[in-house]
Each structure stands twice: as structure tokens, then as C-alpha cells.
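**Q** Could you have a look at this structure, given as C-alpha cells, before my questions?
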Amino acid sequence: MTRLTNQLQHATSTYLLQHQFSPVAWQPWSEETLALAQSLDKPILLSIGYSASHWCHLMLRESFSDPEIASLMNTMFINIKVDREERPDIDEIYQAAHQFFTNKPGGWPLTVFLCPRTRLPFLVGTYFNVEANNGQLGFKDLLIKVDDYYRSRGKDFADTLKDVRAHFKQLYSSETTQDVEVNMSGIPVLKAAGDLLKDADLMQGGFGGAPKFAMPANLERLFVTLFTKSPMRDACAVHLHNTLLIMARSGINDQVGGGFFRYARDAQWMIPHYEKMLYDNGLLLAIYSQAFTVFHEANLEIAANSIAQWALTEMRDEHGAFYGSLDADSDDTEGAYYLWSTDELSDLLDATQRGVLYSAFELDKYANFGSHWHLHRERDWVSIAEELELEEDAVKSQFYSALEKLRQARLKRNKPAHDNKILTGWNGLMIRGLAMAGRTFRSPEYIQAAQKAVDFIRENLWVNNRLFATWQDGKPKHYGYLSDHVYLLDGLLELLRSHWRDEDYQLAVSLAEALIDDFSDDEGGGFYFSSHDGEPLIARPKTYADNVFPSGNGVAAKVLLRLGYLSAEPHYIEAARRTLLSGWGAMLKTPKAHHTILLALSEYLHPTPQILLKGGEDLRRWQQSIYQVYGEQVSCFYIPDSSDVHPPELLMLDDNQGLICLGDHCFETHNSLDALLEQLRDVITGKVVADMGG
């Protein structure tokens, strides 16, 4: 009989290497492993996770390191470990299975039992305690019952597989609307904002209760509604503003070192789970930067800059790209790096600083994390100043000098580990955030950091016109997925708005071509998650809804539309239109789950004004003036004289001129900023369109 041993010592994934010394005979996902399971007629125990997760660490310590449990697993199952960051295609499918089996969203570690012949799941869960808990079987008992169920394999087993197969067929079937005349309208856009506000937590900010995620796609829906005539506009503005301020001073934001944690355990955002993910922070950096252009609130700028500085100081490798995550645990304890005792605070701070921090964080109450404090700001500057009889500026000065002392002290602790994978898509999200922050706050540092990350990807992950998804141990791995292409393309377009480089424009065009060639559903419209030559799995996802990530199809429609108007390339616009048609039914059915593709729909129905500027440094100042007046309501590109790559519309421009386009219609050129701004005002208010008879 074949006796397997743990094979993860050969992996490059940080997460898989964390399990290399486990007594479980873990195997990587491969055709050989899957074929072995079938030949031995052993069900597959598939465990999917990621390196920064506290719950993944906990299951490793409690269950996968237990010799008795490992013996059961090795006897009864073929055990496969998957890093969800390396193989998001596998994770996407089996997370959907979790939703089907439990009617609840999944998480990590994801624990899936598969039929070895079909690879279809027949039981799915997430974290399992060693012992029974709250009506859930203990992990050891579960293993025994699953083995018995598989060995008995009666009608129930066959029916389960049949139901799962039918579910996946329905879930990922194309809604072929390409040959049907569909009158797309803004109805789901209006409904999405209203439905979203019904879920709003008006007291604590955000949406829903515990556990509480920031949900950047929801926040962006609130933001874009501010520029419409929606009756929900004012309510969206209030809730967005309140949510961002509450989050910024709460425990989900690292008050000492910057960067947001993945989610909060409670509805008040007080206590997080402590992993920090690059993607959350890239998305939140973008929304805080955008929000500042509307609210001009200093605390929003502080929050944005704290994210950016965390990314630049804590998450960059020596080549300028960004690591994927920062671990939840240090010293084998969740959150140990971030917690404080009152004795520590007393030793570090002088009397005034101590008074300010105790008042701001209400540290005279019972500790909020065992015997320690996780810092969650309760008080505003005015109330602290009144209590301590200090000037407000003095309170702020003492507060931030105290936090710097804490930061320096914390640097001496054992730091949480990085997952040092470079993930292309997640880097794209941070590139986008840095480009927007650089534009909003006029920070060359942020723009240069974004450009350096792009340069790394271009040089190392864009190989022979093929994008790779990950970089680790000095080499690219895994062909890129839909999200890698569209998140990077989104970042490039924002970077071009902030600082034009020909090579970034060329890469954007090449990515768009690869996206259409390698991922498009030619029959049904839209894009598959994996490429046409990707590994065949039990299903090929093509989804439109957002989750903690923006929808790949939604971002695809948005970026193809924007690049189509910039490059005057009709087939990009047509690909975006077909994506919208393909997702139209999903948008109508549940608008509040589809904010990203609804943003693309809005831009398709009502194109964003695009301004092209050509010339010397004076034109860069024009660009700054345009963004200062109109912020994110417009898309403005300054293309310097030195550029050798020009969008076709530039042929209409002489040096030191500006041009406004709305969709595929361009207006007359202008030699003066005042004339350009006057016309732009008329375009935004609709006066020009009305005069054109549109």
C-alpha cells in the first residue's frame, strides 16, 4: 500500500511551508495527487488557507500537528494543501461550494471533502475545533464520520454530487444576452444605493453587524452617488463621511503604525483579527483619497497618509514591489505585537502625553483585550481638550508625539512575519491607491512608489506578453487570472492620470489585448476568471458580484471602457458593452451585490468627461487646477511634449492645448485654462450636451 509523506518542503508558498513539518502527509494540488486519490479510492481532504490567518495557524497547532488526528487523516484521506493566494481559481470554486452547502459565506481555513473520481465536494466547512463546540463536531469525530459516510456511499452521496454539479452548472452559466436587444438603464444603480443604505449602521458606520468588514466596493458606491442626482445623495454623503472617520479612529485601523486590519470582530470596529492584507489597504487608500477631494477633512488625509506610509515602510521589498500580507500572530499569539498594558504606557509616556492618550482611548476603563489594550479611539479632540483644559492644537501635538513613542517601542518587539509573495493583482490595487493618493495630496513619493512597483511587474511578471500571478524565490509562478489583469490595468490608468509614462500606456494596451484574447467569453460576453489555457477544474467561474474584492468582470468593464475612450479603440468599448450585457441580469436581480460593474454601467450610460492636455510644464499646472476644481468627477491626462506615444485624439491638439471629450465625442480645442474650465463646467452640468441637441 502506498505510504505518503508530507511533500510541502518542496513548495515556495509561505503558507504551504508553514505546514511542512506537520505529521499530516500533505500533498500539493497536482494532477498526480488527484490521480492517486482516484486510484486509491480515497476521498480528498482539501484545506485552503493563507499565511497571515490566525485561524489557519490555530488549526495547524491544534489539529494538523496532533499525531492522532494526523494518523486518521493519512489513513482515510489524500490530504491536499492549497494557498488561496497562489490558486484563487481553486478557492473561488470551493468557496462557492461552501455557500451552497451552508447558505453562508466561507472563509479560511476552508475545509472541503471531495469525491476522488469527480472532485466534487460532498461536505464543506471552515475552521473546526479539535473538540465538539456549539453543536459542531470536533475535527477528529468529523474525520471518522466522513470516512464512514464515504465508505457507505449510498443514494444520499450520489444525490449530493448530482445537486452540486447542477449548482455549479447554474451558477456559472452564461446569460447569453448578446443577440437580444436589452435596454440597459440606470435603474439598478439607483436601487443599489437605496438597498445599501438599508444595511447601513448609522451609529457605528459601515454595514451590518459583527464580524464587520470595511467593504470598499460599498464605500465606493456611496462615493460615486455624490456626483449624481440621486435622491439618496445626501444620505450617502453623510454615511460615507461618518464611516470613514469612525473607521479611521477605531481599532480596525492600527493607531500606532498605520494600515487597516482585515476585519473587526465586533460592530464597533474595536477589536480586529490582526492580519493586515495588501488588498484591503490598497482599496481603502483609494477611497480615503477620493473622499478627501469632496470633504476636505484633515482626518481623512491623515488616514490616507498612514496607509500609504505603512505600505512604503512595512510592505515593500527591495525591488519596490509589495508583499501580500502581514501575519496576525507573533510569539504564537494573535495580536501580541499590537497590544499594550497600562504599565507599559505609563513607563513610556510623560504625564501630559499619558493624560491625552488615556482620555482619547478611555484607558481608565476595563481593558478591552484580556488584560491588555488594543487602541480604539473613543473621544474627539474637542472633548479631550475640554476635559484636560488644553488647547486643541496642544492635544493633537501631544497625541501624535505619544503615538510616535509607542511606535518606536513597538519596533523592538518581535514583528509579525510577512508573506513575501509578490501578488500581481494585489500590487495593482496598491498601485491604484498610491496613484490616487499621489494625485490628491500632490505627493511625488507616492507616485514614484507606484511607478517602481509597475516597473518590477513589467520586468519580472510580464513575460513574452503573458502576465504571471505571483513572484517568489526569484521567479514568476502561475499564469495570471482575470483579477491580476484588470486590477493592474486599473492601477495603470490611475497612474497615467497622475503622471504619464509612455511605457505604462503601452503596458495598459498590451494587458487589454491579453485580457480579451485569453479570458473573454466570445459567446456569452464577459470574462472567465481563469484563462482559456488554464487548468480545467470542476467549473470555470465567471462572476459579476463584489465581495471583499471588487468584481473582476466589473473592473474589466470599467477599465476597458476608460481605455477605449482614451485610446479611441472601439473594440475595447464593445468588449465592455458585452460584459455589461452579460451581467445585466445579475445587476437587476441583486444590485447591492454588484457595485463595481454598476459603476461601469454608469460610465457607459453617462461617460465621464475626459480631458487631454499636451505641452510643457504649464499644462501640468492646468491638470492640477482641473483636479483641484473637479476632483474625481473628471479624468484628466497630461501628456508631455517628450512623449512618443499618443492617443489618437492628440492629433487634434497643437502644443499647449487642451481637449475635452465625452464618450466618443470631442469638443473644440482650447489654448487657455480659463476657456477649458468654462467648457468643462458646461459639459458637467449638461449645458453643452443640451446645446448639441443630445
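**Q** State all residues of the stretch 403-419 that are open to solvent by 70 Å² or more (accessible area, probe 1.4 Å), touching a residue at least 12 places away in the same chain (Cβ under 8 Å) and part of a loop (DSSP other than H, G, I, E, B); if no residue qualifies, say none.
**A** N414, K415, listed by residue number.
**Q** On to the next question. Which residues, counting only those in the stretch 135-153, are open to solvent by 40 Å² or more (accessible area, probe 1.4 Å) and either farther than 30 Å from D546 by Cβ or of a type in the set (V, I, T) (or both)? Spell out the reasoning first.
**A** Pass one, the stretch 135-153, residues open to solvent by 40 Å² or more (accessible area, probe 1.4 Å): 135-137, 140-141, 144-145, 148-149, 151-153.
Hits for the stretch 135-153 are G135, L137, K140, D141, I144, K145, D148, Y149, R151, S152, R153.
**Q** From Y288, Y323, which residue is open to solvent by 20 Å² or more (accessible area, probe 1.4 Å) and not aliphatic (A, V, I, L, M)?
**A** Y323
**Q** Could you check the stretch 505-534 and list, in sequence order, the residues that are buried (at least 23 other Cβ atoms within 10 Å of the Cβ) and farther than 21 Å from S551 by Cβ?
**A** Y505, the sole residue that qualifies.
**Q** In addition: Across the stretch 565-596, what is the number of residues that are among the aliphatic types (A, V, I, L, M), surrounded by 19 or more Cβ atoms within 10 Å (Cβ to Cβ), in contact with a Pro (Cβ under 9 Å, 6 or more places away or on another chain) and closer than 20 Å to L190 by Cα?
**A** 1
**Q** Same structure again: Assess whether I302 counts as being under 18 Å from the mean Cα position of the chain (by Cα), closer than 24 Å to V238 by Cα and of a type outside the set (G, A, S).
**A** no
**Q** Within the stretch 519-566, track down each residue that is β-branched (V, I, T), out of contact with any Ser or Thr (no Cβ under 8 Å at 6 or more places or on another chain) and not in a loop (DSSP other than H, G, I, E, B).
**A** Result: V559, single match.
Residues are listed down the side, and each one gets a yes or a no for (1) assigned to a loop (DSSP other than H, G, I, E, B); (2) crowded, with 16+ Cβ neighbours inside 10 Å; (3) touching a residue at least 40 places away in the same chain (Cβ under 8 Å); (4) not basic (K, R):
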| residue | (1), (2), (3), (4) |
| --- | --- |
| A360 | no, yes, no, yes |
| R379 | yes, yes, no, no |
| K396 | no, yes, no, no |
| S401 | no, no, yes, yes |
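**Q** Which condition from (1) surrounded by fewer than 21 Cβ atoms within 10 Å (Cβ to Cβ); (2) in contact with a Gly (Cβ under 7 Å, 6 or more places away or on another chain) is the one that R61 breaks?
**A** (2)
**Q** Out of (1) surrounded by 13 or more Cβ atoms within 10 Å (Cβ to Cβ); (2) touching a helix residue (DSSP H, G or I) at 6+ places or on another chain (Cβ under 6 Å), what's the single condition that is false for T126?
**A** Looking at each condition in turn, T126 falls short on (2).
**Q** Inside the stretch 95-118, can you point out the residues that are within 24 Å of S39 (Cα to Cα) and either surrounded by fewer than 23 Cβ atoms within 10 Å (Cβ to Cβ) or among the charged types (D, E, K, R) (or both)?
**A** F113, C115, P116, R117, T118
**Q** OK, next. What residue, among those in the stretch 180-210 that are in a loop (DSSP other than H, G, I, E, B) and of a type in the set (A, V, I, L, M, F, W, C), is farthest from the chain's Cα centre (by Cα)? Lay out the reasoning, then the answer.
**A** In the first step, residues of the stretch 180-210 are kept if they are in a loop (DSSP other than H, G, I, E, B); the result is 180-186, 199, 201-206, 208-210.
Keeping just the survivors that are of a type in the set (A, V, I, L, M, F, W, C) gives 180, 182, 184, 202-203, 210.
Numbers: V180: 34, V182: 31, M184: 28, L202: 24, M203: 25, A210: 20 Å.
Selected residue: V180.
**Q** What is the residue count in the stretch 438-471 for residues that are under 18 Å from N420 (Cβ atoms), among the small types (G, A, S) and outside any helix (DSSP H, G or I)?
**A** 1
**Q** Kindly check whether there is at least one residue in the stretch 218-228 that is in a loop (DSSP other than H, G, I, E, B) and among the charged types (D, E, K, R).
**A** No, the stretch 218-228 has no match at all.
**Q** From the list K592, K614, pick out the single residue that is modelled with pLDDT under 95 and part of a helix (DSSP H, G or I).
**A** Every option except K592 fails the conditions.
**Q** Would you call A435 open to solvent by less than 10 Å² (accessible area, probe 1.4 Å) and under 23 Å from G282 (Cα atoms)?
**A** Yes, satisfied.
The values are calculated or read from the model by the stated rules, or taken from the named source; none is laboratory data. Everything numeric in this text was worked out from a predicted model, so none of it was measured. As a convention, Cβ positions derive from the backbone with ideal geometry for all residues, glycine included, and neighbour counts pool all protein chains shown. Only protein heavy atoms, including side chains, enter the accessible area calculation; ligands, DNA and RNA are left aside. Shrake-Rupley method; radii C 1.70, N 1.55, O 1.52, S 1.80 Å.
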